[in-house]
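The values are calculated or read from the model by the stated rules, or taken from the named source; none is laboratory data. Please read all numbers here as calculations on a predicted model, not as lab measurements. Cβ atoms come from the backbone with ideal geometry, glycine included; neighbour counts cover every protein chain shown.
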Amino acid sequence: MEKKQLGAVSLLAGTAIGSGMISLPIVLINFGIIGSLFLMIFFCWVTYISAMVRCELNLNSQADFSLKDVGFLFGGKIAANIGDISLKILSFALLSAYIFGASSIIHSFLSTDISFATIIIIFIIIIFVMFLFFSNFLVKINKYLFVILFSFVLAGVIGLTFCSKTRVLPLGLIDIWHWKSWSTVTPIVFTSFGFQGSLHSLTKFVNNDRELIKRACLWGGIIPVIVYSLWVVCVLTIIFNSDQASFQKMLINPINVSELINILSRISNIQFLQQAVWIVSFLAILTSIIGVGLALDEILKKDLNLLNVKKSSSLLNFLKLRNISDRQKSCISLFIMIIPSAIVAIFVPNAFIRILNFAGIILAILAIILPIFLFKRMKKSLPIKNSIFRKNFSINIIFIVGGLIIFLGFFDIFM
């Protein structure tokens with residue numbers, strides 16, 4: 001694999017692999033291993049098709065536009081605003097879930113009397129400092145964190161497998177005949193493969209090379225499937241064989257992040273394996289925080305730049321900020337980014353799963369519904385050359401899937 005292609009695949013796979021390491025074993029348990037593998041492969045395909053639709057928009061507009069810009073070009077101001085607002089809501093939701101998940105892991109690891117809210121406050125202060133002073137370093141180190149994560153996943157899978165004396169696989173579809181099972185699982189599995197936020201960067205990185213984009217999107221989905229499959233099969237099998245009480249508890253209700261980590265840590269009574277479980281869990285969420293946080297910070301800084309250009313900006317007048325410096329913009333954007341996310345993480349019970357479910361709804365709009373709408377509008381206004389979509393069958397299928405994700409996500413929230 002040539003260097004540029006490897007970089008493109010790493011960009012997408014690194015964006016996708018993250019919080020799914022924690023959320024997927026929790027929500028997929030009712031589907032057994034067969035159902036879990038089927039769902040992950042299916043949503044890998046959905047992600048690939050939706051990614052190619054998104055890339056077709058950029059390739060045929062001859063620019064590395066953001067979805068907001070593409071929306072304005074092919075759908076007007078309303079489509080641009082939908083894309084912009086959806087991206088921001090998604091980023092805030094994901095960051096809230098990741099802050100909750102990381103704080104849960106730290107709180108469980110420390111096993112102290114420090115309150116969970118205090119852990120969150122300390123953690124967001126650390127995040128603030130990291131993003132304010134070391135953002136360039138975070139960009140460089142994130143790819144190395146991904147390599148470390150992948151290495152510990154393999155070590156954890158091998159080690160946990162040998163921890164169990166019996167290896168009976170929970171193959172069957174255990175409980176999939178209730179709407180509640182599908183409404184919880186579908187948005188979260190889709191979110192776990194969501195690298196669409198990096199497609200704008202991808203097209204720019206490969207200079208609009210169509211074939212390279214197709215290969216990057218394909219392998220950027222296949223690699224997460226392989227990693228997630230190894231991890232989910234290993235975790236479900238080990239818990240099924242070593243801790244039936246916990247397995248039955250997980251079947252009844254989704255457990256917290258800290259509970260899953262404690263179960264795996266208790267089963268892996270070898271110190272190295274316990275450390276591997278903690279490292280995999282924390283790195284999975286940390287890489288997600290870095291990816292989402294850097295993207296959201298950049299978006300907010302651009303908004304502040306626009307406000308700064310507008311001399312009559314009522315917001316800046318109200319805040320008494322005129323001609324703000326880059327450091328001031330960084331501080332303001334980080335406060336806007338972190339404080340709402342931390343408040344949600346503190347006050348929403350079991351925020352990790354609940355907010356990831358909500359994020360799945362927004363991602364379906366952002367990655368499926370809106371791009372397909374814009375793609376169909378584009379086909380009417382531009383002569384499209386070399387499109388991979390000779391027929392609309394696959395596009396129509398994922399459009400229906402996107403609608404189902406939104407419906408099931410709202411069903412889970414309100415029922």
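Key figures for this structure:
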quantity	calculated
Failed item, numbered, when K214 is tested on (1) at pLDDT 80 or above; (2) buried (at least 18 other Cβ atoms within 10 Å of the Cβ); (3) within 22 Å of F43 (Cα to Cα)	(2)
Options V139, V185: the member that is under 25 Å from T15 (Cα atoms), at pLDDT 75 or above and not small (G, A, S)	V185
Verdict on K77 being assigned to a helix (DSSP H, G or I), on the phi < 0 side of the Ramachandran plot, out of contact with any helix residue (DSSP H, G or I) (no Cβ under 8 Å at 6 or more places or on another chain) and basic (K, R)	yes
Helices (runs of 4 or more DSSP H) lying entirely in the range 248-365 (those with 1 or more residues that are modelled with pLDDT of 80 or more and surrounded by 20 or more Cβ atoms within 10 Å (Cβ to Cβ))	257-267, 271-309, 326-347, 351-364
Given (1) under 21 Å from K379 (Cα atoms); (2) among the aliphatic types (A, V, I, L, M); (3) modelled with pLDDT of 85 or more, number of the condition L57 does not satisfy	(3)
Complete set of residues in the range 107-156 that are outside any helix (DSSP H, G or I) and either closer than 22 Å to V348 by Cβ or over 23 Å from the mean Cα position of the chain (by Cα) (or both)	S111, T112, D113, I114, S115
The lone exception for I384 - which of (1) at pLDDT below 85; (2) β-branched (V, I, T); (3) not in a loop (DSSP other than H, G, I, E, B) it fails	(3)
Selected residue (only one of K68, K88, K3 is among the basic types (K, R), surrounded by fewer than 19 Cβ atoms within 10 Å (Cβ to Cβ) and at pLDDT below 80)	K3
Identity of the residue in the range 31-43, surrounded by fewer than 22 Cβ atoms within 10 Å (Cβ to Cβ) and not hydrophobic (A, V, I, L, M, F, W, C), that ends up farthest from F240 (Cα to Cα)	G35
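Yes/no per residue for (1) of a type outside the set (K, R); (2) in contact (Cβ under 8 Å) with a residue 40 or more places away in the chain:
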position	(1), (2)
K88	no, yes
A97	yes, yes
S108	yes, yes
D113	yes, no
A117	yes, yes
I120	yes, yes
F128	yes, yes
